[in-house]
1. What order do you get for 229-240, 153-164, 341-352 when each peptide is scored by the mean count of other beta carbon atoms within 10 Å, highest first?
2. Gain in length, N206 to V64, computed as 0.36 nm per residue apart minus the alpha-carbon separation, to one decimal in nm?
3. Give me the dipole magnitude in Debye, nearest 20, for the chain about the Cα centre, with unit charges on the beta carbon: positive for Lys and Arg, negative for Asp and Glu.
4. Counting only residues 5 or more places away or on other chains, whose amide H sits under 5 Å from the amide H of D264 once H atoms are built in the peptide plane?
5. Give the value in nm², to one decimal: projected area of the alpha carbon convex hull of the range 145-264, averaged over all directions.
6. Of the DSSP beta bridges with both residues in the range 169-298, give the percent that are antiparallel, rounding to the nearest 5.
7. Roughly how far apart, in whole Å, are the Cα centres of the range 127-192 and the range 77-114?
8. Translational diffusion coefficient, Stokes-Einstein: compute it for the range 47-109 using the Kirkwood radius over C-alpha pairs as Rh, at 25 °C and 0.890 mPa s, and state it as an integer in µm² s⁻¹.
Amino acid sequence: MITGNESRPSVRVVPGENAKKIMEKDEKYIATTTKASPAVVKEAKGIVFEDVDGNIFFDFTSGVGVVNVGHSNPKVVKAIQEQAEKFLHFAGTDFYYELQAELARKLIETTPGDFEKKVYFGNSGAEAVEAAIKMARWSTKRKFFISFLGAFHGRTMGALALTASKTVHKQRFFPWMPGVVHVPYPNPYRNPFGIDGYEEPDELVNAVINYMEFLFKHAVPSDEVAAIFSEPIQGEGGYIVPPKNFFKELLKLAEEHGILLVDDEIQAGFGRTGKMWAIEHFGIIPHVITTAKAISSGIPLSACIYPAKNDFGVKGAHSTTFGGNPLACAASLATLEELQNGLIENAAKQGEILRKRLDEMVEKYEIVGDARGIGLMQAIEIVKSKESKEMNPKVRDGIVDTAFKKGLLLLGCGESSIRFIPPLCINEEQVNSAMDVLEEAIKEAGQQ
Ligand SMILES: Cc1ncc(COP(=O)(O)O)c(C=O)c1O
């Protein structure tokens, strides 16, 4: 039985015989998705999981950014169990229960900006993004959207139109929603302007803002743009942290043209960066926030939080059966409490330790080109050499694979990066133990 406090992973052989049987069945019946490692879970607690063959792993993926409060957090589990005894579903779309309104009130309380807000509840990140798209079109009567190259906002046809991190997401799916124009994101490490954004952050921000102004002059009438969508830190695109003053300039531009700024916190939000919302690191108040993933620790739920004055105001304009399901709302209220009881602070503290280890790896290993992130949302980029900065996805994949065989579950991001997003309940010993495994993997895979 695992406890979640294990100080190191322990693996015999993966995938073991039990795992192989389950993977075979899965491959036969389940649609092709994005399977990355042969991790077949039996039980998970905190940052630790045991697979079906008795191997013990550290999960540095948090179920892709979902279990910020740790796997099977006891308070969240209890809240779900207690709610399940009362009622499982009652259509919060058409009728009432207090859980929904209370969660909406609490979510609004946590968001920056002292203006009246409303919450739309959906079930997935993409649905929160779709809600933001529809709310923006509905309330502004404008048709166009701006999004960033490298962005990931989901895979439904509206959200997909905003997404621009990998062409595989879009291949053979055109036409997606029309009206989206992509602009470069201020990636300090590599950008189309050839600017070193670590050395010249203001120059990089100006280049992006000038590009957008140019676009407004020549190609997209700004008074027809409903919203600009941006992640505070690009997630799937490679964990890209923009320069500190980027969002101030972006908000200024948006407000000059009466455009809504939508902050997609689906991956970066809910305490992961050491603040409730990642945008708080940039000192601005976005008009709209979309959130999902960690909001309810695994029971599907998403939310779009927007100005009350932009509400649909007409019954039936937008809605969904399961949005704000009682089990998810109960889980989310317990999740919020857990985060506010020390886990957000712990994310900031452990994030510093994690980052120090990653920075040391940039110094030590020629193939580790960059380390970046905030709090417990960190990544390294694997390159052929620091000088060339040429991406090295093959070695990146080798590192992820080797680390897994040693008991550390990781996920790639971008073309050649590895992300580190453990649950926020991780302790210092576990961070260091995981980083020791990573270093071994870098040494081994880097030599292949
Ligand atoms: C920033 C961001 N937005 C939207 C989404 C889509 O969320 P979902 O997969 O729940 O639809 C994701 C998923 O990874 C994401 O990272």
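All of the numbers you see were taken from the coordinates with simple rules; none came from a lab. Quick caveat, the model's predicted, so the values are computed rather than measured. A quick note on method: Cβ atoms are made from the backbone with ideal geometry, for glycine too, and the neighbour counts reach across all protein chains shown.
1. Result, highest mean Cβ count within 10 Å first: 229-240, 153-164, 341-352.
2. Result for the pair: 47.8 nm of gain on full extension.
3. Rounded to the nearest 20 debye, it is 1060 debye.
4. Here the answer is S230, E231, T290, since their amide H atoms fall under 5 Å of that of D264.
5. 7.0
6. If we restrict to bridges inside the range 169-298, about 10 percent are antiparallel.
7. Distance between centres, Cα-based: 29 Å.
8. The diffusion coefficient I find is 168 µm²/s.
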